[in-house]
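Comments concern the structure below.
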Amino acid sequence: MAELRKTPLHDLHVELGARMVPFAGWEMPVQYPSGVMAEHRHTRAKAGLFDVSHMGQLTIRPPAGGGWEEVAAALETVLPQSVLGLKDGRQRYGFLTNDQGGIIDDLMFARRGDHAFVVVNAARCDVDLAHLARTIGAKVTIEPLRGRALLALQGPSAEAALARLSPEVAGMRFMDVRTLTLDVAGGVPALVSRSGYTGEDGFEISLPAESAETVARALLDMEEVAPIGLGARDSLRLEAGLCLYGNDIDETTTPVEAALEWAIQKPRRRGGDRAGGFPGAEVILAQLEAGAPRRRVGLLPEGRAPMRQGTPLRPEGAEGAPVGTITSGGFGPTAERPVAMGYVPAALAAAGTRLEGEVRGKWRPVAVADLPFVPHRYRR
Amino acid sequence: MLIVKYTPEHEWLEYNGEVVTVGITEHAAEQLGDVVFVELPEEDTSVTKGDEVVVIESVKAAADILAPMDGVITEVNSLLEDEPELVSKDPLGQGWFFRMKPADPADLDQYMDEAEYKAHIAGS
């Protein structure tokens, strides 16, 4: 097996007492000594600092003499999102689709003047780069950013904390992206977006690898900021109803099945100015109108036993083969109960529908529920 | 007099001459992470060594506690049904799982004493 990659904050994690685990080819902190539950609650109460430097960062630039229009037009051939409609300094959630309408990866893309800044999942970065090179590599320049770190600062105190390093962040709203100078060690240039993966208000901070530890230490020195590992990152995003690539979405799930149609803007839908024209458009556009045969839903197991990924689902009282599966599940520290999500047939997708999930050979009650389990608190 | 023994699966066994109380060690509790659910056996059930008698769910994963020997479950710690976090907070005290009457108390001899267990953790 190839040696695990280390982020620029590796030594800091070890110093802080993190338990390091392999994740998508990287050695990452799964938790610190305070534990997943305390880290999760701290993030929702104050502010949590996450090292997400394993994620792929890339820029997509126009050809010589070209501009944003070329970049946007190229991206619209691989994503069902409206890219041309994105204003400068704004970011959007999107996904690369395949010819069957499945999801190759989900990502964030931001407009930075004439080019796009894109953040993709660590485990899919190589796949994405190969896919982009093959599909739009002749029209635009795709450049993976080496030597960069990515931090996420999440929670209700994130703004107050980051504003000490750059007061300008207080003026940003959800999905704004700006280049700022962080007032640490003589000034660190950073690309900051007001976004995250916890359902809380917060920021994602792309910065030079060599400055990452200094900035992380400056933030961790603040009373309200604590380091948070991948364990709490997972329980936070699950409570927020956000998909984890590889669990809840993959190349076999369409955006409509995954309940992500909110991320497909009108201009790309039937009747829109730029309808279709992305891989799998036929399948996805038809499902946008007629619905999909199965649907990702929230699930609340009764009692205290968590239902985890892979748990089979069937209608209440029905014998016979399972009709659905849990794709993410665990205990929600803020919800104070087990929470899960998974796929069920469209006829069983209404909130309140009673199902059963098999845990250790026993079928136990679980009900379909609205997502998210904990309300989003974005600064819109 | 109490006899305390340890299994390779990081359970502690405390024998008071009548029943064996079973819990997990601090090392195991730390490895497991925050416990959110404990499924306990029924009282008065006969168990065979190696039976899965307790399921512990932590924020990260599920783990089983196996019967350390043949015997009968005499008591379970029903406190854990409402406060599973006691396993994380007080594994050697209030976080115990069950008590059992061993069919043959000599079965305890196969397990480690404290010094052996410490060496076992250090070597693992």
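The values are calculated or read from the model by the stated rules, or taken from the named source; none is laboratory data. Just so it is clear, the model here is predicted, and its values are computed rather than measured. Note: ideal-geometry Cβ built from the backbone for every residue, glycine included; neighbour counts use all protein chains shown. Keep in mind that these areas ignore ligands, DNA and RNA; they rest on the heavy atoms of the full protein, side chains included. Shrake-Rupley method; radii C 1.70, N 1.55, O 1.52, S 1.80 Å.
List of remarks:
- Qualifying helices (runs of 4 or more DSSP H) (wholly inside segment A:1-98; at least 2 residues being within 23 Å of A:Arg112 (Cα to Cα) and of a type in the set (A, V, I, L, M)): A:68-75
- Scanning segment A:261-285 for residues that are basic (Lys, Arg), in a helix (DSSP H, G or I) and open to solvent by 20 Å² or more (accessible area, probe 1.4 Å) returns a single hit, A:Lys266.
- Taking first residues from segment A:150-169 that are more than 25 Å from A:Lys6 (Cβ to Cβ) and among the β-branched types (Val, Ile, Thr) and partners that are buried (at least 23 other Cβ atoms within 10 Å of the Cβ) and modelled with pLDDT of 95 or more, the Cβ contacts under 8 Å between residues at least 6 apart in sequence or on separate chains come to A:Val169/A:Leu162; A:Val169/A:Val192; A:Val169/A:Arg194; A:Val169/A:Phe203.
- Reported count of residues in segment A:301-322, each being more than 14 Å from chain B (Cβ to nearest Cβ) and either part of a strand (DSSP E or B) or open to solvent by less than 20 Å² (accessible area, probe 1.4 Å) (or both), is 4.
- Filtered by the rule that a residue be surrounded by fewer than 18 Cβ atoms within 10 Å (Cβ to Cβ) and β-branched (Val, Ile, Thr), segment A:210-224 gives a lone residue, A:Thr214.
- Condition check for B:Val20: at pLDDT 95 or above and closer than 28 Å to A:Thr311 by Cα: no
- Failed item, numbered, when A:Ala292 is tested on (1) aliphatic (A, V, I, L, M); (2) open to solvent by less than 40 Å² (accessible area, probe 1.4 Å); (3) more than 19 Å from B:Lys60 (Cβ to Cβ); (4) not in a loop (DSSP other than H, G, I, E, B): (4)
- Filter result for A:Thr325 (in a loop (DSSP other than H, G, I, E, B), among the β-branched types (Val, Ile, Thr) and not assigned by TED's automatic domain parsing to the domain that holds A:Gln81): no
- Pick from segment A:335-351, criterion open to solvent by less than 50 Å² (accessible area, probe 1.4 Å) and away from chain B (no Cβ under 14 Å), ranking: farthest from the chain's Cα centre (by Cα): A:Leu348
- Looking only at residues of segment B:84-122 that are open to solvent by 80 Å² or more (accessible area, probe 1.4 Å) and in contact with a helix residue (DSSP H, G or I) (Cβ under 9 Å, 6 or more places away or on another chain), we find that the one that is nearest to the other protein chains (Cβ to nearest Cβ) is B:Lys89.
- Just one of the listed residues (A:Gly298, A:Gly332) is under 19 Å from A:Pro365 (Cβ atoms), open to solvent by less than 40 Å² (accessible area, probe 1.4 Å) and in contact with a helix residue (DSSP H, G or I) (Cβ under 7 Å, 6 or more places away or on another chain), and it is A:Gly332.
- Test: residue in segment A:72-79 that is open to solvent by 20 Å² or more (accessible area, probe 1.4 Å), among the polar types (S, T, N, Q) and at negative phi: yes
- In segment A:290-311, the residues that are closer than 13 Å to A:Tyr343 by Cβ, without any contact (Cβ under 8 Å) to a residue 60 or more places away in the chain and of a type in the set (A, V, I, L, M, F, W, C): A:Ala292
- Search result, residues across segment A:180-208 that are without any contact (Cβ under 8 Å) to a residue 24 or more places away in the chain and open to solvent by 10 Å² or more (accessible area, probe 1.4 Å): A:Thr181, A:Asp183, A:Gly186, A:Gly187, A:Pro189
- Of all residues making up segment A:3-44, the number that are at negative phi and out of contact with any Gly (no Cβ under 7 Å at 6 or more places or on another chain): 25
- Identity of the residue in segment B:56-83, out of contact with any Ser or Thr (no Cβ under 9 Å at 6 or more places or on another chain), within 24 Å of A:Leu238 (Cβ to Cβ) and part of a loop (DSSP other than H, G, I, E, B), that ends up farthest from the other protein chains (Cβ to nearest Cβ): B:Glu83
- Qualifying residue in segment B:33-54 (condition: within 12 Å of another protein chain (Cβ to nearest Cβ), of a type in the set (A, V, I, L, M, F, W, C), outside any loop (DSSP other than H, G, I, E, B) and within 11 Å of the chain's Cα centre (by Cα)): yes
- Number of the exception - A:Ala258 against (1) surrounded by 15 or more Cβ atoms within 10 Å (Cβ to Cβ); (2) free of Cβ contacts under 8 Å to residues at least 60 places away in the same chain; (3) part of a loop (DSSP other than H, G, I, E, B); (4) not assigned by TED's automatic domain parsing to the domain that holds A:Pro333: (2)
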